[in-house]
1. Counting only residues that are more than 10 Å from Ile60 (Cβ to Cβ) and not aliphatic (A, V, I, L, M), how many does segment 1-17 have?
2. Please count how many residues of segment 6-33 are aliphatic (A, V, I, L, M), open to solvent by less than 60 Å² (accessible area, probe 1.4 Å) and farther than 18 Å from Ile54 by Cα.
3. Can you pull out every residue in segment 42-65 that is out of contact with any Gly (no Cβ under 9 Å at 6 or more places or on another chain) and of a type outside the set (Gly, Ala, Ser)?
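The values are calculated or read from the model by the stated rules, or taken from the named source; none is laboratory data. Just so you know, these numbers come straight off a predicted model, no measurement behind them. For neighbour counting, all protein chains shown are included, and Cβ atoms are generated from backbone atoms with ideal geometry for every residue, glycine included. These accessible areas exclude ligands, DNA and RNA; they are computed on the full protein's heavy atoms, side chains included. Shrake-Rupley method; radii C 1.70, N 1.55, O 1.52, S 1.80 Å.
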Amino acid sequence: MNAKMWGLILAGAVVEAVAIVILVSYGFGLLKPAPASFIFVPGVTDYLGIVLSIIGLGLIMGGGYLKQ
């Protein structure tokens, strides 16, 4: 068992899970009565979820690269 590989993959999975929770909670914030539900402006929460998702995928890909 390669500890480096699984460490990166598991860390990436945790970061991805946090990103999914952030993006889902942001999506539920858009479920307001009309007309506020039609106003979509990307904010800090949206960008944070996207950046965390990219970082998590990078960690997972890095762990896959270390596979022997």
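1. Result for segment 1-17: 4.
2. Residues in segment 6-33 being aliphatic (A, V, I, L, M), open to solvent by less than 60 Å² (accessible area, probe 1.4 Å) and farther than 18 Å from Ile54 by Cα: 1 in total.
3. Across segment 42-65, the qualifying residues are Pro42, Val44, Asp46, Tyr47, Leu48, Ile50, Val51, Leu52, Ile54, Tyr65.
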